[in-house]
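Quick note: the coordinates plus some simple rules give every number you see, no bench work behind them. Please read these numbers as outputs of a predicted model, since none were measured by experiment. FYI the Cβ positions are ideal-geometry reconstructions off the backbone, even for glycines, and counts take in every protein chain you see.
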Amino acid sequence: MSQQPEIIRGMQGVVFTISNVSAINGQEGKLVYRGIPIEELAEHSTFEEVSFLLMEGRLPRKEELEAFNRMLKAHRALPGEVVDVLKKLPSNTHPMDALRTGVSALAGFDPDLGDPIEGMALMGKDEEARKAYWEKGKRMGIRMIAAFPTLVGAWEQIRNGKQPVEPRDDLSHAGHFLHSMLGTVPSDTATRVMDVALILHAAHGMNASTFTGIVIASTASDMYSAITGAIGALKGPLHGGANQQVLRQLREIQEMGGVSKIQEWLDNLLSQKGRVMGFGHRVYKAYDPRARILKRWAGELAKEQEKELYEIAVKLEEINIQKLGQKGIFPNVDFYSGLVYGALGIPVDQFTPIFAVARVSGWVADILEYWKDNRLIRPRAYYGDQVWDRPYTPVEERG
Ligand code: ACO
């Protein structure tokens, strides 16, 4: 009989690799991408530049950034067959499911997707072959970063009975995303807000979807399979799916009567062991720095519309911090992102795909980093029953 080892539920605090892509200091509420504070990047950078930074480990020189931008623009368009796949989906398909299907379908059209055995190059001694596989993965990753906004936007059009919007190459990545999603060329303010939101969501330590992507990639599988799996992990309401639930909760309070009803709503929720969506984090035990930046933008946008929802959010934050702050539960990135996206006119169930449009950069960067020294991820589970000789009962004899 073997002794039960210590079980680390949810792998909380388990460190399995070294990554320099992004890092969180959960006690002090700090987030850096390749060592640069998120506040600096949100203020001065663009999503394109941040994607380069995450993958390459440094900021691009001017001509490198221009070349990277050109590459992204060149891969915006979707193969017609992938659009046809989306058109075959039932119109009530959740946008995250449509994105996952679209990305999976896209794989077959990528010239770099070869035979699965090629992945073994990652494990061999042939440095050149390993580098070549790694470079293939990077090219596939860049193509996915480029195509994600088009895929998400295409599904929005298709489910509304329209044709996907033709990508324009005079728009930034954020501008292209809004154009694909809404069908109109966005204002400079809308483009900047979306750019900031994409920057803020691009990477975040060893979160569940990044880990999922790495687990798949660690089998020497390909970049599309890894990213498709990561999308599945991001969809869950404990991870990327929280943002759409936040707005639902705020609207629930609004329907109950607004700010004056928050306390009653909260007491009721907590008495049933419910959770305030957009609050709490496995790593942050302080205010999420991304939430602070989005709160400012939500406040700016609320001057024009959805003012009441913003006021409800601010008050709910205040009351909730009084109640849960001592447990280290503060707003996370999702608490204000929904208000921002709502103000931009984006449908609620498209909020999580926005997260994916951003996070794909971090996924690709972390997978590439892991592939520099790949090792199959294969943990163990403790066999609680410890029965090794249960007899096989024929079907006729089973009670
Ligand atoms: N509202 C109310 N109580 C909460 C919340 C919340 N949002 N989050 C945690 N708690 C409470 C739990 O009920 C628990 O209380 P107890 O000890 O009295 O039972 C305690 O805090 C610890 O909760 P755990 O679930 O063990 O903490 P964990 O580290 O697993 O939580 C998580 C992280 C899953 C994100 C959690 O805070 C949560 O469910 N939040 C709401 C969903 C959400 O916003 N997810 C987005 C996360 S960020 C992202 O992925 C972008």
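With the alpha-carbon atoms of segment 110-190 aligned to their principal axes, the span from lowest to highest coordinate is 51, 28, 15 Å, starting with the largest. Helical content of the chain, expressed as a calculated mean residue ellipticity at 222 nm, amounts to -17500 deg cm²/dmol (DSSP H runs of 4 or more residues, -39,500 (n - 2.57) each, divided by residue number, nearest 500).
Taking packing as the residue-averaged number of other Cβ atoms within 10 angstrom, the listed peptides 188-195, 225-232 run from highest to lowest as 225-232, 188-195.
In terms of Cα atoms, the Rg and Dmax of segment 177-292 work out to 17.9, 55 Å. On the beta carbon distance between Tyr382 and Asp170, with R0 = 56 Å, the FRET formula returns roughly 0.45. Given the options Phe52, Phe16, Phe355, which has the most mean-square fluctuation in a GNM of the chain, springs set between C-alpha atoms less than 10 angstrom apart? Comparing Phe52, Phe16, Phe355 in the GNM, the peak value goes to Phe16. Within straight-line reach of Lys315, meaning a Cα separation under 27 Å, sit the following lysines at least 8 residues removed in sequence or on another chain: Lys30, Lys261, Lys273, Lys285, Lys295, Lys303, Lys307, Lys323, Lys327. Tell me the Kirkwood radius of the chain: reciprocal of the mean inverse pair distance over distinct alpha-carbon atoms, in Å. About 22.4 Å, per the Kirkwood formula over Cα pairs.
Residue order for Lys73, Lys372, Lys261, fewest other beta carbons within 10 angstrom first, comes to Lys372, Lys261, Lys73. Spacing of the modelled spin labels on Val395 and Lys261, each 7 Å from Cα toward Cβ, amounts to 5.5 nm.
Among Ser361, Ser260, the ranking by other beta carbons within 10 Å of each residue's beta carbon, starting with the fewest, stands as Ser260, Ser361.
Residues Asp373, Asp112, ranked from the fewest to the most other C-beta atoms within 10 Å, line up as Asp373, Asp112. Using the Cβ-Cβ distance between Ile8 and Glu318 with R0 = 30 Å, the FRET efficiency computed as 1/(1 + (r/R0)^6) comes to roughly 0.30. Taking one quarter of the surface of the convex hull spanned by the alpha-carbon atoms of segment 242-343 gives a direction-averaged projected area of 5.8 nm².
Inter-label distance, Glu308 to Glu56: 4.9 nm, where each label sits 7 Å from its Cα along the C-beta direction.
With the simple model of a label 7 Å out from the Cα in the direction of the Cβ, Asp373 to Ala23 spans 1.5 nm.
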